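Participant: Mind having a look at this structure? Questions to follow.
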Amino acid sequence: MRDKLRVLICGTGNAAHVFSAVASSHEHVEARVLILNAVRANEWAEIAAVSHLTATSPGELFESKGLTITSDPEVAARDCDIVIISIPSFLHLQYLEALAPYLPAGCVIAGFPGGNGFEFDVRKAFGDRYDSTLFINFESLPWICRRNEFGRTARIAGTKSRLIAAMHGDPAQARVADPIGALQELLGENPKLAITGHLLGMTLLSVNAYSHPPMMFGRWKDWNGKGLPEAPLLFEELDAETATLLGDISAEVVATSRAIMREHPHVDLSQVIPMYDWDIACYGNDIVDKTNLMTALRTNPIYAGLRHPMIRRDNGEYVPDFQHRFLSEDVPFGLVVIRGVAELAGVPTPHLDRVLRWSQDVMGREYLVGNELCGRDVAYSRAPQRYGYTLDDLLVS
């Protein structure tokens, strides 16, 4: 009889809660959660001792059959088969470096999503062992989901139809015979998981990076500083100008991938597709009006009710939160990374640059100086320029 599949989930956020509930609902899975914050880990462990974590979705309930919660990376990594990284990008390196000394050979690291430049953090954490490290960078999360109550309940609002990824390493050396098959069994029938193309494609395909900042820009570029009675709807109130900008930036990303493939025909970046095509592929069964990108985003019921990140003032009015992860994460660990790749490939990105300049101004950061990605805060981003990488370096994997 096969030993239990040992799955480690990192983090405490929305996705980590759902992954924990879904993974630990299987009888054949030994699920663990690593939380490097010891106070938070102890809090969740106390809850887990007396309560089962649940995640609900339309017509389905996932209930934990037991979770091990720890802040000790050595305990978390012991004999681990799969590590699921479902934490903000700025925490990836911290968790990877904590786990690297203890993970057994052949353990599969899965970034859901790994995001733009995930492989750069893996390289840094594993050093000389990078070439033998097996990891997968998925384009997105499997779900739109929310944590309702810490350690107790979470909710899945919608599940994607498909999810693609790129893999580094030899799956024949993995501790599990079929890494993608094992992950598919964990998640269920949907989303359909598939490995395709080069890792750099995942860096360019990460849609949050070139959707959230432009949507913030489109809504707030002319803001007069006055508060609003409520937070505006993020998708349902998307205007034509912003939708056009999203499409233009998406076109620049696709153009970057095609320019690289022309110069390097052995590199497959065909998974980098226009944003409209991506939305239809993920949510086509749910979208009401598929006429164009604007209508697709505005009529996707899975996005319904999502609002711009705001801060509520003492007088009850709302003002935009320019330190929210839509900028604080999706710019240095997203938009800046894509801009860095485009710069190395010699592809102009005027629409992306317009959003990046506005973003760095409202964030109080410096990435672009003139037309070059050389600002002081590049050192705190995940741009290839931070590591001194050339385009050839990015194409080795």
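The values are calculated or read from the model by the stated rules, or taken from the named source; none is laboratory data. Since the model is a prediction, treat every value here as computed from it, not as a measurement. Note: ideal-geometry Cβ built from the backbone for every residue, glycine included; neighbour counts use all protein chains shown. Just the protein is used for accessible areas: all its heavy atoms, side chains included, with ligands, DNA and RNA removed. Shrake-Rupley method; radii C 1.70, N 1.55, O 1.52, S 1.80 Å.
Participant: For segment 200-207, in order, what is each residue's ³J(HN,Hα) by Karplus, 6.51 cos²θ - 1.76 cosθ + 1.60 with θ = phi - 60°, in whole Hz (x at glycine and Pro)?
Facilitator: Computed from phi, the couplings for segment 200-207 are 4, x, 5, 5, 7, 7, 4, 5 Hz.
Participant: Which one of Asp222, Asp72, Asp277 has the biggest mean-square fluctuation once the chain is modelled by GNM with Cα springs under 10 Å?
Facilitator: Residue with maximal mean-square fluctuation among Asp222, Asp72, Asp277: Asp222.
Participant: Also, quick follow-up: With all protein chains present, how much of the accessible area of the chain (probe radius 1.4 Å) comes from carbon and sulfur, to the nearest whole percent?
Facilitator: Percent of accessible area from carbon and sulfur atoms in the chain: 48.
Participant: Using the Cα centre as the reference, give the magnitude of the dipole from point charges on the C-beta atoms of segment 71-181 (Lys, Arg: +1; Asp, Glu: -1; all else neutral), rounded to the nearest 20 debye.
Facilitator: Rounded to the nearest 20 debye, it is 560 debye.
Participant: What residues have an amide H closer than 5 Å to that of Ile69, excluding those fewer than 5 places away on the same chain, when H is modeled at 1.01 Å from N in the peptide plane?
Facilitator: Val33
Participant: Considering only C-alpha atoms, what is the centroid distance from segment 138-191 to segment 233-265, in Å?
Facilitator: Answer, in whole Å: 26.
Participant: Taking the solvent-accessible surface of protein heavy atoms with a 1.4 Å probe, what is the per residue accessible area of the chain in Å²?
Facilitator: So the chain comes to 41 Å² accessible per residue, rounded to a whole number.
Participant: In debye, nearest 20, what is the charge dipole magnitude of the chain about its Cα centre with +1 on Lys and Arg Cβ and -1 on Asp and Glu Cβ, if you could check?
Facilitator: With only Lys, Arg, Asp and Glu charged at Cβ, the dipole is about 380 debye.
Participant: With θ taken as phi - 60° and the coefficients 6.51, -1.76 and 1.60, list the Karplus ³J(HN,Hα) couplings across segment 115-130 in order, rounded to whole Hz; mark glycine and proline as x.
Facilitator: Going residue by residue, I get x, 5, x, 3, 5, 5, 5, 5, 4, 5, 6, 9, x, 5, 8, 4 Hz, with x marking Gly and Pro.
Participant: Using the Karplus curve 6.51 cos²θ - 1.76 cosθ + 1.60 with θ = phi - 60°, what ³J(HN,Hα) values do you get for each residue of segment 375-386, in whole Hz, with x for Gly and Pro?
Facilitator: x, 4, 8, 4, 5, 10, 9, 10, 5, x, 5, 4
Participant: Another question about this same structure. Enter the mean projected area of the convex hull around the alpha-carbon atoms of the chain, in nm², rounded to one decimal.
Facilitator: For the Cα atoms of the chain, the hull's average projected area reads 19.8 nm².
Participant: Give the residue list of GluC sites (Glu not before Pro) in segment 304-397 that are DSSP loop and have at most 14 other beta-carbon atoms within 10 angstrom.
Facilitator: Answer in residue order: Glu317, Glu366.
Participant: Would you please give the residues with an amide H less than 5 Å from that of Glu236, counting only those at least 5 places away or on a separate chain, with H modeled from the backbone geometry?
Facilitator: Gly305
Participant: Here is a further query. With charges set only on the Cβ (+1 for Lys and Arg, -1 for Asp and Glu), what does the dipole of segment 266-397 come to about its Cα centre, in debye to the nearest 20?
Facilitator: With only Lys, Arg, Asp and Glu charged at Cβ, the dipole is about 320 debye.
Participant: A further question follows. Can you pull out the GluC sites (Glu not before Pro) in segment 1-98 that DSSP calls coil and that have at most 12 other Cβ atoms within 10 Å?
Facilitator: Listed in order of number, the matching sites are Glu27.
Participant: Could you work out which residue, out of Ser24, Ser270, Ser140, moves most in a Gaussian network model of the chain, that is, has the largest mean-square fluctuation with Cα springs under 10 Å?
Facilitator: For the chain, modelled as a Gaussian network with Cα springs under 10 Å, the answer is Ser270.
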